[in-house]
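Note sheet for the following structure.
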Amino acid sequence: MMMRKRPRRLRSSASLRAMVREHNLRPDDLVYPLFVCSGKKVREPVVSMPGVFHYSVDQLGSVIDEVEGLGIPAVLLFGLPASKDDRGTQAWCDNGVVQQAVGFIKRRCPQLTVITDVCLCEYTTHGHCGVVEGDRVLNDETVALLAATAVSHARAGADVVAPSDMMDGRVAAIRDALDGCGFEDVAIMSYAAKFASSFYGPFREAADSAPQFGDRLTYQMDPANGDEALREVMLDVEEGADLIIVKPALAYGDVLYRTKRASGLPVAAYNVSGEYAMVKAAASQGWIDERRVVTESLLSLKRAGADMIITYHALDAARWISED
Ligand code: PBG
(Lines give C-alpha, C1' and ligand atoms only; values in the text may rest on other atoms or scores of the structure.)
Protein backbone atom coordinates (compact mmCIF):
# COMPACT_ATOMS: atom_id res chain seq x y z
CA MET A 1 0.00 0.00 0.00
CA MET A 2 1.32 3.45 -0.97
CA MET A 3 1.25 5.64 2.10
CA ARG A 4 3.68 8.50 2.53
CA LYS A 5 2.63 9.44 6.03
CA ARG A 6 3.08 6.68 8.57
CA PRO A 7 3.01 8.10 12.12
CA ARG A 8 3.88 4.65 13.46
CA ARG A 9 7.46 5.08 12.18
CA LEU A 10 8.29 7.28 15.14
CA ARG A 11 6.79 4.80 17.57
CA SER A 12 8.80 1.82 16.43
CA SER A 13 11.44 1.75 19.19
CA ALA A 14 11.82 2.91 22.77
CA SER A 15 14.66 5.26 21.83
CA LEU A 16 12.69 6.91 19.02
CA ARG A 17 9.69 7.26 21.30
CA ALA A 18 11.90 8.91 23.90
CA MET A 19 13.27 11.32 21.29
CA VAL A 20 9.85 12.54 20.21
CA ARG A 21 8.26 12.55 23.67
CA GLU A 22 6.79 16.01 24.23
CA HIS A 23 6.38 15.96 28.00
CA ASN A 24 8.18 14.35 30.88
CA LEU A 25 7.38 14.17 34.53
CA ARG A 26 10.17 15.23 36.87
CA PRO A 27 10.35 15.35 40.67
CA ASP A 28 10.69 19.12 40.51
CA ASP A 29 7.25 19.37 38.92
CA LEU A 30 5.73 18.15 42.16
CA VAL A 31 4.44 19.73 45.35
CA TYR A 32 3.59 17.49 48.32
CA PRO A 33 0.66 18.49 50.58
CA LEU A 34 1.05 17.79 54.31
CA PHE A 35 -1.50 17.85 57.14
CA VAL A 36 -0.02 19.16 60.37
CA CYS A 37 -1.91 18.68 63.62
CA SER A 38 -1.50 19.80 67.20
CA GLY A 39 -0.10 17.53 69.89
CA LYS A 40 3.00 15.35 70.06
CA LYS A 41 4.00 12.00 68.57
CA VAL A 42 1.00 11.95 66.23
CA ARG A 43 1.29 10.12 62.92
CA GLU A 44 -2.32 9.22 62.22
CA PRO A 45 -3.43 7.68 58.89
CA VAL A 46 -6.21 9.42 56.95
CA VAL A 47 -8.61 6.55 56.25
CA SER A 48 -9.99 7.79 52.93
CA MET A 49 -6.51 8.67 51.64
CA PRO A 50 -4.26 5.62 52.09
CA GLY A 51 -0.63 6.68 52.44
CA VAL A 52 -1.54 10.14 53.78
CA PHE A 53 -1.09 11.01 57.47
CA HIS A 54 -1.68 13.71 60.01
CA TYR A 55 1.65 14.65 61.56
CA SER A 56 2.31 16.60 64.72
CA VAL A 57 5.19 19.02 64.22
CA ASP A 58 7.68 16.78 66.06
CA GLN A 59 6.94 13.95 63.60
CA LEU A 60 7.56 15.93 60.41
CA GLY A 61 11.30 15.28 60.26
CA SER A 62 11.37 11.98 58.38
CA VAL A 63 8.73 12.89 55.80
CA ILE A 64 10.40 16.24 55.13
CA ASP A 65 13.76 14.51 54.68
CA GLU A 66 12.10 12.10 52.28
CA VAL A 67 10.56 14.92 50.25
CA GLU A 68 13.91 16.64 49.98
CA GLY A 69 15.78 13.42 49.25
CA LEU A 70 13.45 12.63 46.35
CA GLY A 71 14.10 16.02 44.77
CA ILE A 72 10.59 17.38 45.37
CA PRO A 73 11.07 21.15 45.71
CA ALA A 74 8.08 22.14 47.83
CA VAL A 75 5.49 21.19 50.43
CA LEU A 76 2.04 22.72 50.91
CA LEU A 77 0.92 22.86 54.55
CA PHE A 78 -2.58 22.49 55.98
CA GLY A 79 -3.28 22.84 59.68
CA LEU A 80 -5.53 20.97 62.10
CA PRO A 81 -5.65 23.25 65.14
CA ALA A 82 -6.18 22.17 68.75
CA SER A 83 -9.32 24.29 68.99
CA LYS A 84 -11.74 26.07 66.67
CA ASP A 85 -13.97 29.12 67.01
CA ASP A 86 -16.37 31.02 64.79
CA ARG A 87 -13.65 33.37 63.42
CA GLY A 88 -10.90 30.83 62.96
CA THR A 89 -8.54 32.57 65.39
CA GLN A 90 -6.02 29.73 65.31
CA ALA A 91 -5.41 30.41 61.61
CA TRP A 92 -3.51 33.64 62.25
CA CYS A 93 -2.09 33.17 65.71
CA ASP A 94 1.68 33.22 65.69
CA ASN A 95 2.09 29.91 67.50
CA GLY A 96 -0.53 28.05 65.43
CA VAL A 97 0.24 24.58 64.08
CA VAL A 98 1.10 25.76 60.58
CA GLN A 99 3.31 28.57 61.89
CA GLN A 100 5.19 26.07 64.08
CA ALA A 101 5.51 23.61 61.21
CA VAL A 102 6.91 26.30 58.91
CA GLY A 103 9.57 27.17 61.49
CA PHE A 104 10.47 23.51 61.98
CA ILE A 105 10.76 22.78 58.23
CA LYS A 106 12.74 25.92 57.40
CA ARG A 107 15.23 25.12 60.18
CA ARG A 108 15.60 21.50 59.08
CA CYS A 109 15.58 21.94 55.29
CA PRO A 110 16.16 25.60 54.47
CA GLN A 111 16.30 24.88 50.74
CA LEU A 112 12.82 23.38 50.60
CA THR A 113 10.10 25.80 49.49
CA VAL A 114 7.34 26.01 52.08
CA ILE A 115 3.89 26.95 50.79
CA THR A 116 1.04 27.48 53.25
CA ASP A 117 -2.66 27.11 52.55
CA VAL A 118 -4.40 30.31 53.64
CA CYS A 119 -8.02 29.63 54.52
CA LEU A 120 -10.28 29.58 57.56
CA CYS A 121 -12.32 26.41 57.03
CA GLU A 122 -10.03 24.15 59.06
CA TYR A 123 -10.13 26.67 61.92
CA THR A 124 -13.81 27.63 62.12
CA THR A 125 -16.43 25.72 64.11
CA HIS A 126 -18.91 26.09 61.22
CA GLY A 127 -16.37 24.84 58.63
CA HIS A 128 -16.89 27.71 56.18
CA CYS A 129 -13.93 29.45 54.56
CA GLY A 130 -14.85 32.81 56.07
CA VAL A 131 -16.70 34.77 58.72
CA VAL A 132 -20.36 33.83 58.87
CA GLU A 133 -23.35 36.04 59.65
CA GLY A 134 -26.63 34.12 59.68
CA ASP A 135 -26.26 31.87 56.68
CA ARG A 136 -24.04 34.29 54.74
CA VAL A 137 -20.27 34.11 54.37
CA LEU A 138 -19.03 37.71 54.61
CA ASN A 139 -16.44 38.70 52.04
CA ASP A 140 -14.59 41.78 53.24
CA GLU A 141 -14.46 40.77 56.92
CA THR A 142 -12.98 37.46 55.80
CA VAL A 143 -10.39 39.09 53.55
CA ALA A 144 -8.96 41.01 56.54
CA LEU A 145 -8.52 37.76 58.48
CA LEU A 146 -6.95 36.01 55.50
CA ALA A 147 -4.45 38.84 55.14
CA ALA A 148 -3.57 38.49 58.83
CA THR A 149 -3.16 34.74 58.34
CA ALA A 150 -0.85 35.22 55.36
CA VAL A 151 1.29 37.71 57.31
CA SER A 152 1.61 35.33 60.26
CA HIS A 153 2.70 32.54 57.89
CA ALA A 154 5.27 34.89 56.34
CA ARG A 155 6.51 35.88 59.81
CA ALA A 156 6.99 32.16 60.55
CA GLY A 157 9.16 31.90 57.43
CA ALA A 158 6.79 30.73 54.66
CA ASP A 159 8.14 31.31 51.15
CA VAL A 160 4.76 31.23 49.41
CA VAL A 161 1.21 31.74 50.68
CA ALA A 162 -1.70 30.07 48.89
CA PRO A 163 -5.15 31.54 49.54
CA SER A 164 -7.82 28.88 48.87
CA ASP A 165 -10.92 30.63 50.20
CA MET A 166 -12.26 32.22 46.96
CA MET A 167 -13.25 35.53 48.56
CA ASP A 168 -13.17 38.52 46.17
CA GLY A 169 -10.18 40.84 46.43
CA ARG A 170 -8.10 38.68 48.71
CA VAL A 171 -5.00 38.54 46.52
CA ALA A 172 -4.66 42.33 46.48
CA ALA A 173 -5.34 42.55 50.22
CA ILE A 174 -2.78 39.86 50.99
CA ARG A 175 -0.18 41.51 48.72
CA ASP A 176 -0.69 44.86 50.45
CA ALA A 177 -0.55 43.32 53.91
CA LEU A 178 2.62 41.35 53.12
CA ASP A 179 4.33 44.40 51.61
CA GLY A 180 3.22 46.57 54.51
CA CYS A 181 4.99 44.19 56.89
CA GLY A 182 8.21 43.94 54.86
CA PHE A 183 7.45 40.62 53.17
CA GLU A 184 7.80 41.83 49.57
CA ASP A 185 9.57 38.60 48.65
CA VAL A 186 6.87 36.24 49.85
CA ALA A 187 5.01 35.00 46.77
CA ILE A 188 1.28 34.48 46.37
CA MET A 189 0.11 31.24 44.79
CA SER A 190 -3.55 31.89 44.24
CA TYR A 191 -6.21 29.23 44.00
CA ALA A 192 -7.67 31.46 41.30
CA ALA A 193 -9.87 28.90 39.58
CA LYS A 194 -11.26 26.80 42.39
CA PHE A 195 -14.50 24.99 41.75
CA ALA A 196 -17.20 23.90 44.21
CA SER A 197 -16.23 20.29 43.73
CA SER A 198 -17.31 16.97 45.18
CA PHE A 199 -13.77 15.77 44.62
CA TYR A 200 -12.76 17.50 47.90
CA GLY A 201 -14.67 14.95 50.01
CA PRO A 202 -11.72 13.00 51.47
CA PHE A 203 -9.81 16.23 52.18
CA ARG A 204 -12.65 17.50 54.33
CA GLU A 205 -12.38 14.36 56.41
CA ALA A 206 -8.58 14.73 56.50
CA ALA A 207 -8.72 18.41 57.47
CA ASP A 208 -11.94 18.20 59.48
CA SER A 209 -13.21 21.14 57.43
CA ALA A 210 -16.63 20.14 56.07
CA PRO A 211 -19.17 22.98 56.26
CA GLN A 212 -21.59 22.32 59.12
CA PHE A 213 -24.46 23.98 57.24
CA GLY A 214 -25.08 24.77 53.57
CA ASP A 215 -22.33 24.39 50.99
CA ARG A 216 -19.59 26.45 49.36
CA LEU A 217 -21.55 27.42 46.24
CA THR A 218 -21.65 31.13 47.13
CA TYR A 219 -17.87 31.42 46.98
CA GLN A 220 -16.36 28.51 45.02
CA MET A 221 -17.12 28.34 41.30
CA ASP A 222 -19.84 26.46 39.46
CA PRO A 223 -18.23 23.44 37.72
CA ALA A 224 -20.19 24.38 34.59
CA ASN A 225 -18.22 27.61 34.04
CA GLY A 226 -15.04 27.86 31.99
CA ASP A 227 -15.19 31.53 30.96
CA GLU A 228 -15.82 32.56 34.55
CA ALA A 229 -12.71 30.64 35.58
CA LEU A 230 -10.71 32.76 33.16
CA ARG A 231 -12.19 35.94 34.63
CA GLU A 232 -11.20 34.79 38.11
CA VAL A 233 -7.70 34.00 36.88
CA MET A 234 -7.24 37.39 35.21
CA LEU A 235 -8.48 39.24 38.30
CA ASP A 236 -5.88 37.46 40.42
CA VAL A 237 -3.20 38.25 37.84
CA GLU A 238 -4.15 41.94 38.06
CA GLU A 239 -4.21 41.80 41.85
CA GLY A 240 -0.62 40.58 41.92
CA ALA A 241 -0.69 36.80 42.08
CA ASP A 242 2.69 35.22 41.27
CA LEU A 243 1.40 31.71 40.57
CA ILE A 244 -2.03 30.39 39.71
CA ILE A 245 -3.71 27.17 40.84
CA VAL A 246 -6.44 25.35 38.93
CA LYS A 247 -8.40 22.98 41.14
CA PRO A 248 -9.50 20.20 40.85
CA ALA A 249 -7.20 18.99 38.10
CA LEU A 250 -8.28 15.93 36.17
CA ALA A 251 -11.82 16.96 35.28
CA TYR A 252 -10.66 20.51 34.47
CA GLY A 253 -8.03 20.06 31.76
CA ASP A 254 -9.74 22.66 29.57
CA VAL A 255 -9.51 25.27 32.34
CA LEU A 256 -5.87 24.40 32.89
CA TYR A 257 -5.10 24.75 29.20
CA ARG A 258 -6.88 28.09 28.91
CA THR A 259 -5.36 29.39 32.15
CA LYS A 260 -1.84 28.62 30.99
CA ARG A 261 -2.40 30.48 27.74
CA ALA A 262 -4.20 33.49 29.19
CA SER A 263 -2.40 34.15 32.46
CA GLY A 264 1.22 34.31 31.41
CA LEU A 265 2.07 33.01 34.89
CA PRO A 266 3.31 29.64 36.11
CA VAL A 267 0.29 27.42 36.65
CA ALA A 268 -0.18 24.64 39.17
CA ALA A 269 -2.75 21.86 38.85
CA TYR A 270 -4.12 20.58 42.15
CA ASN A 271 -4.72 16.83 41.85
CA VAL A 272 -7.17 16.76 44.76
CA SER A 273 -8.09 14.28 47.46
CA GLY A 274 -11.03 12.63 45.67
CA GLU A 275 -8.93 12.06 42.57
CA TYR A 276 -6.29 10.42 44.77
CA ALA A 277 -8.82 8.33 46.72
CA MET A 278 -10.43 6.94 43.55
CA VAL A 279 -7.09 5.76 42.20
CA LYS A 280 -6.09 4.26 45.55
CA ALA A 281 -9.42 2.45 45.91
CA ALA A 282 -9.38 0.95 42.42
CA ALA A 283 -5.71 0.01 42.74
CA SER A 284 -6.29 -1.73 46.07
CA GLN A 285 -8.87 -3.92 44.32
CA GLY A 286 -6.42 -4.77 41.55
CA TRP A 287 -8.66 -3.06 38.99
CA ILE A 288 -6.07 -0.62 37.69
CA ASP A 289 -2.28 -0.45 37.66
CA GLU A 290 -1.62 2.34 40.16
CA ARG A 291 1.80 3.31 38.90
CA ARG A 292 0.73 3.56 35.29
CA VAL A 293 -2.53 5.34 36.04
CA VAL A 294 -0.84 7.90 38.27
CA THR A 295 1.96 8.55 35.81
CA GLU A 296 -0.48 8.92 32.93
CA SER A 297 -2.74 11.25 34.93
CA LEU A 298 0.09 13.51 36.06
CA LEU A 299 1.53 13.61 32.57
CA SER A 300 -1.90 14.59 31.20
CA LEU A 301 -1.81 17.63 33.48
CA LYS A 302 1.56 18.67 32.13
CA ARG A 303 0.27 18.23 28.59
CA ALA A 304 -2.71 20.45 29.47
CA GLY A 305 -0.30 23.19 30.58
CA ALA A 306 0.58 22.64 34.23
CA ASP A 307 4.03 23.86 35.21
CA MET A 308 3.68 22.09 38.53
CA ILE A 309 1.36 19.57 40.14
CA ILE A 310 0.21 19.52 43.74
CA THR A 311 -0.46 15.86 44.46
CA TYR A 312 -0.71 13.35 47.31
CA HIS A 313 0.99 10.90 44.91
CA ALA A 314 4.16 13.06 44.91
CA LEU A 315 6.37 10.73 46.97
CA ASP A 316 5.43 7.64 44.96
CA ALA A 317 5.64 9.48 41.66
CA ALA A 318 9.11 10.85 42.47
CA ARG A 319 10.25 7.36 43.48
CA TRP A 320 8.93 5.86 40.26
CA ILE A 321 10.65 8.54 38.17
CA SER A 322 13.98 7.78 39.86
CA GLU A 323 13.52 4.06 39.10
CA ASP A 324 12.80 4.59 35.40
C1 PBG B 1 -9.62 24.71 51.96
C2 PBG B 1 -9.18 23.72 50.97
C3 PBG B 1 -9.87 22.60 50.46
C4 PBG B 1 -8.95 21.92 49.67
C5 PBG B 1 -7.77 22.64 49.70
N6 PBG B 1 -7.94 23.76 50.48
C7 PBG B 1 -11.22 22.09 50.71
C8 PBG B 1 -12.40 22.86 50.33
O9 PBG B 1 -12.34 23.89 49.67
O10 PBG B 1 -13.46 22.42 50.76
C11 PBG B 1 -9.21 20.62 48.96
C12 PBG B 1 -8.00 19.81 48.68
C13 PBG B 1 -8.25 18.41 48.29
O14 PBG B 1 -9.40 17.95 48.12
O15 PBG B 1 -7.24 17.70 48.12
N16 PBG B 1 -10.48 25.67 51.53
Spatially near lysine pairs across the chain, Cα under 25 Å, sequence gap of 8 or more or different chains: 14
Assigned charges on the beta-carbon of Lys, Arg, Asp, Glu; the stretch 11-110 dipole about Cα centre (debye): 220 debye
Charge dipole of the chain about the Cα centre (unit charges at C-beta), most positive-ward option of 14, 164, 318: 14
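Can you sort 17, 303 by solvent-accessible area, 1.4 Å probe, largest first?
Values: 17 100, 303 160 Å².
Result, largest first: 303, 17.
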Positive dipole terminus of the chain, leading residue within 90, 220, 177 (C-beta point charges): 220
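Hey, what did the stretch 144-279 get for relative contact order, percent, Cα under 8 Å, at least 6 apart? Could you put the intermediate results ahead of the total?
Working: 209 pairs, mean separation 35.4, N = 136.
Normalised by residue count, the contact order of the stretch 144-279 is 26 percent.
Would you work out the charge dipole size for the stretch 25-323 about its Cα centre, treating the Cβ of every Lys and Arg as +1 and the Cβ of every Asp and Glu as -1, and quote it to the nearest 20 debye?
Details: 27 positive and 42 negative charges, 153 e Å.
Charge dipole, the stretch 25-323, about its Cα centre: 740 debye, nearest 20.
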Sites residue 300 and residue 111 - FRET efficiency at Förster radius 25 Å, r taken between beta-carbons, to 0.05: 0.25
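At 222 nm, what value in deg cm²/dmol follows for the chain if DSSP H runs of at least 4 each add -39500 (n - 2.57) and the sum is divided by all its residues, to the nearest 500? Can you show the working numbers first?
Working: 11 runs with 125 residues, N = 324.
Estimated from H runs of four or more residues: -12000 deg cm²/dmol.
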Accessible area per residue, Å², the stretch 25-323 with all protein chains present, probe 1.4 Å: 40 Å²
0 to 90° range, to nearest 10: angle between helix 97-108 axis and the chain longest Cα axis: 60 degrees
Scattering curve values for the stretch 1-149, log₁₀ I(q)/I(0), Debye with Cα scatterers, q = 0.10, 0.11, 0.18 Å⁻¹: -0.50, -0.56, -1.06
Charge-dipole axis of the stretch 25-323 as Lys and Arg at +1 and Asp and Glu at -1 on Cβ define it, positive-most pick from 230, 134, 48: 48
Bins of 5 Å from zero: percent of alpha-carbon pairs in the stretch 25-323: 1, 6, 13, 17, 20, 19, 14, 7, 2, 0, 0
Highest-first arrangement of 224-237, 259-272, where packing means the average Cβ count within 10 Å: 259-272, 224-237
Principal axis dimensions, largest first and in whole angstrom, of the stretch 144-208 by Cα: 38, 23, 18
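Keeping the other protein chains in place, figure out the carbon and sulfur percent of the accessible area of the stretch 1-151, with a 1.4 Å probe. Present the calculation step by step, with values, prior to reporting the outcome.
Working: 3870 of 7560 Å².
Using a 1.4 Å probe with all protein chains present, the stretch 1-151 comes out at 51 percent carbon and sulfur.
Full-extension gain between residue 319 and residue 212, please, as 0.36 nm times their residue separation minus the C-alpha to C-alpha distance. Display every interim value, and only then the final one.
Details: separation 107, 0.36 × 107 = 38.52 nm, distance 3.85 nm.
Length difference between fully extended and current span is 34.7 nm.
The values are calculated or read from the model by the stated rules, or taken from the named source; none is laboratory data. Being a predicted model, the structure only gives us computed values, none of them experimental. All Cβ positions, glycine included, derive from the backbone under ideal geometry; neighbour counts span all protein chains shown. Note: areas computed on protein heavy atoms with side chains; ligands, DNA, RNA excluded. Shrake-Rupley method; radii C 1.70, N 1.55, O 1.52, S 1.80 Å.
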